[in-house]
Amino acid sequence: MTARTRIGVVGAVIKPCIAEDGRLSLEERLHQALHETLADAGLTTKDLEGIVVAANDQYDGRAISIMMASAPLGGVDRDILSTPSAGEHAFVLGALRIASGQFRTQLVAAWSPTEASSIAEAQRLAADPYFHRRLPLDELAAAALQANALEHAAPGAGELAATLLATGRANGAHAYPDLVAADVVQGRPTRWPLREGVVPAPVTGLVVMMLASEDFIEERGLGPVAWISGMGWATEPAFLGDRALASAPALDAAARQAYGEAGVTDPGTAFDLAEITDVTPYQHLLALEALGLAGRAEWRDRLAEFGPTGRMPVNLSGGVGSLNPVYCTGLIRIAEVANQVRGRVGRHQKEGVRRGLAHAASGPAMQYQTVVVLEATGRRTAA
Amino acid sequence: MSARVGIIGIGQSNFQARRDDASYPDLVREAVALAMKDAGLGFDEIEAVVYSLSPDAMVGIGNAERLGVDAVGARNKRFLRINTGGATGISSVAAAWTHVAAGACDVVLTAGADKVGECGDSQTVLNKIWDPIYERSLPLGTINMLAMSAVRYMHKYGMTEEDMARVVVKNRRHAARNPHAHLRKETTIDEVMASRMISWPVKLFDCCPQSSGGGAMILASERWIKARGLNAVWITGLAHSSESYYLGDRMGRHVVADHADAHALAASFRKSYAMAGITDPARQIHAAELYAPFSNTEFHSIEAAGLAGLGQSPAMLREGAFALGTNAGAVVNASGGTLCTNAIAVTAMARVAEAALQVRGDAGERQVKGARIAVASGNGGDHQFFGTMVLEA
């Protein structure tokens, strides 16, 4: 993006696991999160110029799930769009809408309920109705096929995956002690080689972020700000048979876009921390490689660098391997990095974060890939 | 505001009730191929794709955009999907505009398709847009939702069922000249009045068909267009605005939006006109492609677009306004409009495409003579999301 203005994240509220106690409806929770986000940013609803939301009709049990969210998020009499392809795509479009010069602020939101009788069945509806739907091809199965492919291409990946899972779960227990247990108890295989306990059960979650242009931020004296200095997104095809699952070419492409904009030439040393969308630890390994953080030949020797006390911690939040609000896990990764850069992430804050890397992935076996570079001081590229 | 963004490629299927010969991705590809041919481009020149798809349930595939990735040539490229219900098509063009205006890309494709004619019953699907606890069991559908708007409009402005039939007659006459339209048979007021009652006062002929087909458009930056010496239609104004979700919020003493009118559509048009520098739309606009799936909704759309005062459009239509050949103001839905073709995911894109063809002078037998400025609109949700656009040669 040859941004004509710098764009900053000025507010972000993450609810990675909401208790299903029936006290509040999703509409009420979204409205509550809107006001928490505005308070975080130091703004009011009058400052909302546009809104981009993302939700999944099958998980929500509605057709056109944006409709319900319009009023709770301030959409009435405003310009509100939705990107149901992925939660993180709401962030991409929100940033683009400010970069276009048409808006100075954008609210971005995604949510993921767990009221569907079976999320796996809802996911199977995305399979081709003629050839694949009768297969038990939910997203966990796709992730397992990807894990098998990686284990075949990089023998020993499973052992590293176990290490990553333990580290991530410990990070999650530190970041969200009331929600995550540090222990990893693996049970029987569910989708080989994935066992019970590896991929956390889906939970209800939501995330709301506020973006603003540089002139708006300066005019209103907002801060702290996480500036978007690079953003990339790309997709692979849907059919798993058309893909090389032990690689992530769309993530390669997205990273090239983001790094090019941010002026990152050596991603291995460029960031203070990263958040990776890792439904399985195998995806974590694939992302490390495609993001240019560590090639597969380096995984075994360099994983310690990405631990909580390492040079560049990855997933201080615990990642998806700790908390799995399915549809909004990608946007949560971006919000986690934004709040690290803003110094407002909470218990798992790393001191002095100047530049962070967020990776978001959605769809079967990481079909959609998004990379965002966020900085305490943004880089402006020529108009 | 940044440099201009132009439309350089347009592709539309010849919409039909069924397309048994083509799968859902096939339909998307059909429209993409037409747009690529129109623009004279290859896939290597497409930098990003905005996928236009309204409710998944209409095609019976969850996140069906995933199956369309190869159909639009998006592998390893920027890709995202838009869904604002019936407004999705114009929202997708707007999102493609945003990609270019933001400087992210020079050339963006937006495309989609729908198989409404093969979904079983679109009203059963569309009932699921409403709140599952309070409204879904009523049973609401988009027909009775907008029949209530017709009743309210009749009450406020004196519209008759014959006035509604007059819209159908006009649009069918227009659609007969449009090879892409689904319903191309001309009709009469008597035939409309004699057609089966669906939800009073909306009769069968007052309703749009359930159509199958695809749509695609290619947008590019002014710099890229000029460097290649291409012709383009320029998007000079665009906006969206929304109403409330619950229909009950559009009734009562303290209502913001009256269900007779199209409050948020008017707000969106005002924003688009301000951006485009349009100060007197009734005089400045030559062609309008307004999303009106039921005959009565064309009236409040015309008024929201500023082409007539509130409640005045039925009388103007009686006097011959808004029809091809009129010498008094804009022609409305020279394509036949949504009333004659409704493949929901791309219907509002077709409004933009048809408006663009008008100002490009490529609308064939449905061409509005001398059209230089055209507008398009899209409505989605429960008459909730509205997108508008101004296009100029």
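The values are calculated or read from the model by the stated rules, or taken from the named source; none is laboratory data. The structure displayed is predicted, hence computed values, not measured ones. Here the Cβ is made from the backbone with ideal geometry for all residues, glycine too, and neighbour counts use every protein chain on show.
Side notes on the structure shown:
- Only residues that are out of contact with any His (no Cβ under 8 Å at 6 or more places or on another chain) and either aromatic (Phe, Trp, Tyr) or without any contact (Cβ under 8 Å) to a residue 60 or more places away in the chain (or both) were counted across the stretch B:141-153, and they come to 3.
- Search result, residues across the stretch A:319-369 that are closer than 20 Å to A:GLU121 by Cα and in a helix (DSSP H, G or I): A:VAL326, A:TYR327, A:CYS328, A:THR329
- Where A:ALA90 falls short, out of the listed (1) at the interface with chain B (Cβ under 8 Å from one of its Cβ atoms); (2) assigned to a helix (DSSP H, G or I); (3) of a type outside the set (D, E, K, R): (1)
- Residue within the stretch B:101-122 that is buried (at least 24 other Cβ atoms within 10 Å of the Cβ), modelled with pLDDT of 95 or more, closer than 19 Å to B:TYR245 by Cβ and touching a Ser or Thr at 6+ places or on another chain (Cβ under 6 Å) present: no
- Cβ pairs under 6 Å, 6+ apart, first in the stretch B:77-102 and farther than 18 Å from A:ALA99 by Cα, second surrounded by 24 or more Cβ atoms within 10 Å (Cβ to Cβ) and charged (D, E, K, R): B:ARG81/B:GLU65
- Complete set of residues in the stretch B:71-81 that are more than 7 Å from chain A (Cβ to nearest Cβ) and either aliphatic (A, V, I, L, M) or under 16 Å from A:ARG256 (Cα atoms) (or both): B:ALA71, B:VAL72
- Residue match in the stretch B:318-335 (condition: within 14 Å of chain A (Cβ to nearest Cβ) and outside any loop (DSSP other than H, G, I, E, B)): no
- Any chance B:GLU365 is part of a helix (DSSP H, G or I) and surrounded by fewer than 24 Cβ atoms within 10 Å (Cβ to Cβ): yes
- For the stretch B:55-68, filtered to residues that are closer than 15 Å to B:GLU118 by Cβ and in contact (Cβ under 8 Å) with a residue 40 or more places away in the chain, the residue that is surrounded by the fewest Cβ atoms within 10 Å (Cβ to Cβ) is B:GLY60.
- Selection of helices (runs of 4 or more DSSP H) fully inside the stretch A:24-81 by the criterion of at least 3 residues being more than 9 Å from chain B (Cβ to nearest Cβ) and among the charged types (D, E, K, R) returns A:26-41.
- Among the candidates A:ALA226, A:ALA246, A:ALA250, the residue that is under 20 Å from A:GLU375 (Cα atoms) and touching a residue at least 60 places away in the same chain (Cβ under 8 Å) is uniquely A:ALA226.
- Within the stretch B:336-362, the set of residues being crowded, with 24+ Cβ neighbours inside 10 Å and either free of Cβ contacts under 8 Å to residues at least 60 places away in the same chain or assigned to a loop (DSSP other than H, G, I, E, B) (or both) comprises B:GLY336, B:GLY337, B:THR338, B:LEU339, B:CYS340, B:THR341, B:ASN342, B:ALA343.
- Conditions (1) crowded, with 24+ Cβ neighbours inside 10 Å; (2) at the interface with chain A (Cβ under 10 Å from one of its Cβ atoms); (3) hydrophobic (A, V, I, L, M, F, W, C); (4) part of a helix (DSSP H, G or I); number of the one not met by B:ILE90: (2)
- Pair list, Cβ under 9 Å, 6 or more apart: the stretch A:15-29 residue touching a residue at least 12 places away in the same chain (Cβ under 8 Å) and surrounded by 13 or more Cβ atoms within 10 Å (Cβ to Cβ), other residue in a helix (DSSP H, G or I) and among the hydroxyl-bearing types (Ser, Thr, Tyr): A:PRO16/A:THR329
- Checked against (1) within 21 Å of B:ARG4 (Cα to Cα); (2) more than 14 Å from chain A (Cβ to nearest Cβ); (3) in contact with a strand residue (DSSP E or B) (Cβ under 6 Å, 6 or more places away or on another chain), B:LEU357 meets all criteria but (3).
- Failed criterion for A:ALA255 (all others in (1) over 15 Å from the mean Cα position of the chain (by Cα); (2) within 18 Å of A:GLY232 (Cα to Cα); (3) of a type outside the set (Lys, Arg) hold): (1)
- The set of residues in the stretch A:73-132 that are more than 17 Å from B:PHE385 (Cβ to Cβ) and charged (D, E, K, R) comprises A:GLU88, A:ARG104, A:GLU115, A:GLU121, A:ARG124, A:ASP128.
- When the stretch B:219-265 is filtered for residues that are of a type in the set (Val, Ile, Thr) and in a loop (DSSP other than H, G, I, E, B), the ones remaining, listed by number, are B:VAL255, B:VAL256.
- Residue within the stretch B:165-182 that is within 14 Å of chain A (Cβ to nearest Cβ) and under 18 Å from the mean Cα position of the chain (by Cα) present: no
- Residue in the stretch B:224-244 that is more than 11 Å from chain A (Cβ to nearest Cβ), of a type outside the set (Lys, Arg), surrounded by fewer than 22 Cβ atoms within 10 Å (Cβ to Cβ) and without any contact (Cβ under 8 Å) to a residue 12 or more places away in the chain present: yes
- Consider the stretch B:111-140 and keep the residues that are aliphatic (A, V, I, L, M) and free of Cβ contacts under 8 Å to residues at least 60 places away in the same chain. The one that is nearest to the other protein chains (Cβ to nearest Cβ) is B:ILE133.
- Among residues of the stretch A:229-243 that are more than 8 Å from chain B (Cβ to nearest Cβ), those with a beta-carbon under 6 Å from a residue that is in a strand (DSSP E or B) and not aliphatic (A, V, I, L, M) at least six positions away or on a different chain give the pairs A:SER229/A:GLU375.
- Selection from the stretch A:76-91 of residues that are buried (at least 24 other Cβ atoms within 10 Å of the Cβ) and under 13 Å from B:SER268 (Cα atoms): A:ASP79, A:ILE80
- Filter result for B:THR84 (within 8 Å of chain A (Cβ to nearest Cβ), closer than 29 Å to A:SER118 by Cβ and surrounded by 24 or more Cβ atoms within 10 Å (Cβ to Cβ)): yes
- Residues located in the stretch A:109-168, provided they are within 14 Å of chain B (Cβ to nearest Cβ) and in a strand (DSSP E or B): A:ALA110, A:SER112
- Restricting the stretch B:44-63 to residues that are under 23 Å from the mean Cα position of the chain (by Cα) and in a helix (DSSP H, G or I), the residue that is farthest from the other protein chains (Cβ to nearest Cβ) is B:MET58.
- In the stretch A:267-318, residue surrounded by the most Cβ atoms within 10 Å (Cβ to Cβ) [restricted to those that are among the small types (Gly, Ala, Ser) and closer than 19 Å to A:PRO364 by Cβ]: A:ALA287
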